[in-house]
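Enquirer: Have a look at this one.
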Amino acid sequence: MIKVTIDDIEIEVEPGTSILNAARQAGGEIVPPAMCYYSKLPGTGGKCRTCLVEVAAGSTADPRPMPKLVASCSTNVMDGMIVKNKTSERVHENRGGVVEFLLINHPLDCPVCDQAGECHLQDLGYEHGSAETRYEEERRTFEPIDIGDTIKLHMNRCILCYRCVEVAKQLTDKRVHGVLSRGEHSEISTYIENAVESDFSGNMIDVCPVGALTDRTFRFKSRVWFLKPMEAERNCDKCAGKSVVWMFGKEIYRVTGRKDQYGEIETIDNKTAWICNECRFEKKDASDWNIIGPRSINRHSVISQGKYKTNMTRRIKKLD
Amino acid sequence: MKNRKLLLENVHIPGIETFDIYRKNGGYRSVEKALKSMTPDEVVEEVKKSGLRGRGGAGFPTGLKWSFLAKPEGVPRYLVCNADESEPGTFKDRYLMEKIPHLLVEGMITSSFALGANTSYIYIRGEFMYILHILEKAIAEAYANGFLGKNILGTGYDLDLVVAPGGGAYICGEETALLESLEGKRGNPRMKPPFPAVKGLWGCPTVVNNVESIAAVVPIVNDGGDAYAQTGLGKSTGTKLISAGGNLVRPGVYEIEMGITVEEFIYGDDYCRGIANGKKLKACVPGGSSVPILPHYLVTKTLAGEDRLMTYESLADGGFASGSMLGSGGFIAFDEDQCIVRNTWNFARFYAHESCGQCSPCREGTGWMEKVLNRLEHGQGNLRDITLLEEINKKIEGNTICPLGDAAAWPVAAAIRHFRDEFEWHVKEREVSQTRNYGLITQPSVEA
């Protein structure tokens with residue numbers, strides 16, 4: 001075990017742990033935000049630069065500070081490393097810069113976006129963004145496209161985190177989905193708009209931190225904060241069948257994977273509990289599922305800054 | 001200073017691109033010497049002694065880079081030559097490969113032997129397709145004469161050399177993006193660490209070197225590292241290819257011995273012979289588009305009033321406040337009729353076009369800078385924009401995966417630092433700025 005200090009909190013972790021994961025082990029305020037890193041998908045991370053932290057001392061052996069801010073998701077801790085996240089003015093400033101960059105081409109169409117209320121960019125903008133934009137130019141735009149019957153792609157909202165590309169690479173058998181063009185004009189696309197057809201393609205929706213990939217069977221049906229999330233399970237021969245069903249009354253509006261506080265699919269029985277497309281898109285009847293009980297949503301979302309969480313618990317309790 | 005040539009000495013001999021003529025003029029001596037009378041470690045030692053620094057732009061000591069190469073048992077090692085020369089203003093490698101291709105092939109064989117690589121690659125920019133054919137012809141001749149293939153010169157050393165063309169993306173000149181591209185993937189830079197010396201091409205230890213660095217191994221092995229270190233000045237050893245462009249009387253590729261003055265290089269009879277059409281020098285970018293621009297009063301003299309020399313150290317004298325970098329040797333001179341705002345916009349447009357789009361600061365920031373500079377240049381900017389550009393710069397610099405973000409930020413930051421008046425003039429005199437150029441700036445009496 002090696003020792004690392006993050007924002008004056010000392011943590012003991014296994015060698016080879018990234019700074020971000022070390023911070024997550026301690027939990028709380030010292031955890032840097034991550035828009036592209038997804039611990040369940042190897043190969044993600046390093047791209048969005050929101051998790052930048054300052055390394056005030058590299059290690060006990062070499063205590064020099066690192067000159068540049070480093071991406072905490074892809075930098076491993078060293079014994080005696082001292083990291084500053086919340087306590088660093090530089091981090092605060094540069095993270096604000098990254099958020100500004102992410103937002104300049106983002107449409108800010110939250111009022112009509114299905115992701116609103118569970119959007120990581122919304123949270124990030126709330127915590128690190130500024131109230132006004134300095135961007136006077138025209139925003140980059142694309143037409144929304146359907147990738148298959150069940151997934152809608154709004155490229156305008158995409159922050160190019162590459163998570164869905166990794167889902168396509170790692171969970172589906174035939175990848176027809178990736179990034180076209182480069183620079184500002186990069187876009188997520190399926191090869192010549194081929195439909196994504198795979199039993200696990202729906203997980204792209206779960207990993208998308210913004211509203212770029214949304215569930216066509218749920219679009220515009222309801223705002224997420226009007227629904228009550230319930231843990232549910234069913235016998236499925238393709239996946240573990242452990243999900244969260246989002247209900248209004250006795251009706252299931254949508255099905256998602258079980259996400260933890262960082263928005264990542266939980267590990268159940270040592271396996272990441274990805275759900276299959278049948279569970280996600282076709283099982284929308286309460287009788288399809290064994291509903292276990294209310295799912296607590298532990299998120300620091302914009303919506304939950306007010307009454308989201310308390311209201312939700314109260315309503316769930318009433319139902320019991 | 002006497003100008004010694006180590007790389008381009010024989011370039012004007014007719015037929016030097018063929019094996020026979022090249023061989024007659026002392027070619028492939030370094031291969032014979034290294035393979036027959038030296039161990040790989042001895043070659044690395046000579047390169048270390050020579051003080052050769054990477055000629056691709058960063059100036060990292062080549063010998064040191066070679067010594068970092070991991071050598072696990074049973075894992076192949078690779079040498080990759082970076083011939084993806086696409087920095088605006090830089091065209092030295094193209095000249096070398098076109099005129100004297102066997103020099104690169106010879107350097108590749110000697111260097112591969114030193115590193116213990118049995119397959120080596122020359123990754124060449126897609127636009128240089130005609131040079132690819134020149135190199136392939138040279139390689140075929142080397143195979144036919146027993147300098148490549150199995151059991152080279154009967155020494156038991158095997159080497160295959162492959163030329164692989166890229167698709168023409170600037171980003172593929174970044175070493176890890178180059179490796180991705182070489183593996184057949186999208187050319188996105190990789191996260192570092194691990195560095196290529198540990199995990200490079202196909203996960204194996206790899207060294208990536210610039211064309212000129214590899215070519216310089218030939219005179220180093222022929223004459224010894226100490227002799228090479230005696231040319232040049234201080235830590236800037238040897239000779240450097242400089243591709244001079246812009247408003248010069250005689251632009252072109254020059255091999256200079258490091259340590260000549262910038263003044264001699266611009267005005268000297270052996271070199272560029274001054275500014276074209278009797279104009280005055282306004283500014284100069286000494287090392288390719290990504291290094292900071294220098295105003296005329298800082299080109300030939302440093303801030304302290306010393307002569308500026310063509311060395312890594314002297315060009316960087318004063319840091320970014322009053323210095324620049326030798327970079328890849330893409331020397332661009334601007335005369336008094338050139339518009340710095342327009343030029344900065346042009347550079348920014350290049351970087352916005354070439355950003356791979358992987359990490360947010362570079363993807364969004366380069367595009368944003370290009371749009372703001374476009375407005376400024378076309379008389380639609382305001383004074384706020386100049387501050388905004390500085391702020392965007394600060395947020396990109398150092399926060400990206402690869403150095404392209406820095407390369408995009410530096411020229412804009414430097415242009416505003418030294419030519420702020422001209423930027424402001426584009427805002428205050430919108431209409432005039434569309435009809436004529438600002439002209440020469442005056443030297444500030446007190447440096448900020």
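Quick note: the coordinates plus some simple rules give every number you see, no bench work behind them. From a predicted model like this one, the values you see are computed outputs, not experimental measurements. Every residue, glycine among them, receives a Cβ derived from its backbone with ideal geometry; neighbour counts consider all protein chains shown.
Enquirer: Kindly indicate whether B:SER314 is surrounded by 18 or more Cβ atoms within 10 Å (Cβ to Cβ), within 14 Å of another protein chain (Cβ to nearest Cβ) and either under 14 Å from B:LEU248 (Cβ atoms) or among the hydroxyl-bearing types (Ser, Thr, Tyr) (or both).
Expert: Judged against the criteria, B:SER314 is not a match.
Enquirer: Restrict the check to region B:355-371 and report whether at least one residue is out of contact with any Gly (no Cβ under 8 Å at 6 or more places or on another chain), closer than 30 Å to B:CYS172 by Cα, within 10 Å of another protein chain (Cβ to nearest Cβ) and surrounded by fewer than 23 Cβ atoms within 10 Å (Cβ to Cβ).
Expert: Checked against the condition, which is being out of contact with any Gly (no Cβ under 8 Å at 6 or more places or on another chain), closer than 30 Å to B:CYS172 by Cα, within 10 Å of another protein chain (Cβ to nearest Cβ) and surrounded by fewer than 23 Cβ atoms within 10 Å (Cβ to Cβ), region B:355-371 yields at least one hit.
Enquirer: Of all the residues that make up region B:146-200, how many are of a type in the set (A, V, I, L, M) and under 19 Å from the mean Cα position of the chain (by Cα)?
Expert: Residues in region B:146-200 being of a type in the set (A, V, I, L, M) and under 19 Å from the mean Cα position of the chain (by Cα): 5 in total.
Enquirer: Right, another one. If I filter region B:248-255 for residues that are on the phi > 0 side of the Ramachandran plot, under 16 Å from the mean Cα position of the chain (by Cα) and either in a loop (DSSP other than H, G, I, E, B) or free of Cβ contacts under 8 Å to residues at least 40 places away in the same chain (or both), do I get at least one hit?
Expert: yes
Enquirer: Right, next: With the condition kept exactly as written, say whether any residue in region B:408-422 is closer than 30 Å to B:GLY59 by Cβ, facing another protein chain (nearest Cβ under 10 Å) and part of a helix (DSSP H, G or I).
Expert: For region B:408-422, residues closer than 30 Å to B:GLY59 by Cβ, facing another protein chain (nearest Cβ under 10 Å) and part of a helix (DSSP H, G or I): absent.
Enquirer: Might you let me know whether region A:48-59 holds any residue that is more than 10 Å from chain B (Cβ to nearest Cβ) and exposed (fewer than 15 other Cβ atoms within 10 Å of the Cβ)?
Expert: The answer is no; no qualifying residue exists.
Enquirer: Pairs, please: C-beta under 7 Å, at least 6 apart or cross-chain, first residue over 15 Å from A:MET247 (Cα atoms) and in region A:210-235, second in a strand (DSSP E or B) and among the basic types (Lys, Arg)?
Expert: Filtered contacts from region A:210-235: A:THR214/A:LYS152; A:ASP215/A:ARG254; A:ARG216/A:LYS152.
Enquirer: Mind listing just one residue for me: the one in region A:96-111 that is under 17 Å from B:GLY357 (Cβ atoms) and touching a residue at least 40 places away in the same chain (Cβ under 8 Å) and, of those, farthest from the chain's Cα centre (by Cα)?
Expert: A:ASN105
Enquirer: Hey, could you check region A:77-101 for residues that are farther than 15 Å from A:PRO32 by Cβ and within 12 Å of chain B (Cβ to nearest Cβ) and say which is surrounded by the most Cβ atoms within 10 Å (Cβ to Cβ)?
Expert: Once the filter is applied, the top-ranked residue is A:PHE101.
Enquirer: Let me ask something else. Out of curiosity, is A:VAL4 away from every other protein chain (no Cβ under 14 Å) and crowded, with 19+ Cβ neighbours inside 10 Å?
Expert: Here the answer is yes, as A:VAL4 does meet what is asked.
Enquirer: Just the residues that are over 30 Å from A:GLU89 (Cβ atoms), surrounded by 18 or more Cβ atoms within 10 Å (Cβ to Cβ) and within 14 Å of chain B (Cβ to nearest Cβ), please, taken from region A:104-155.
Expert: Within region A:104-155, just A:MET155 meets the criteria.
Enquirer: Still on this structure, I have one more. For region B:395-407, state whether one or more residues are aliphatic (A, V, I, L, M) and either more than 11 Å from every other protein chain (Cβ to nearest Cβ) or surrounded by fewer than 24 Cβ atoms within 10 Å (Cβ to Cβ) (or both).
Expert: yes
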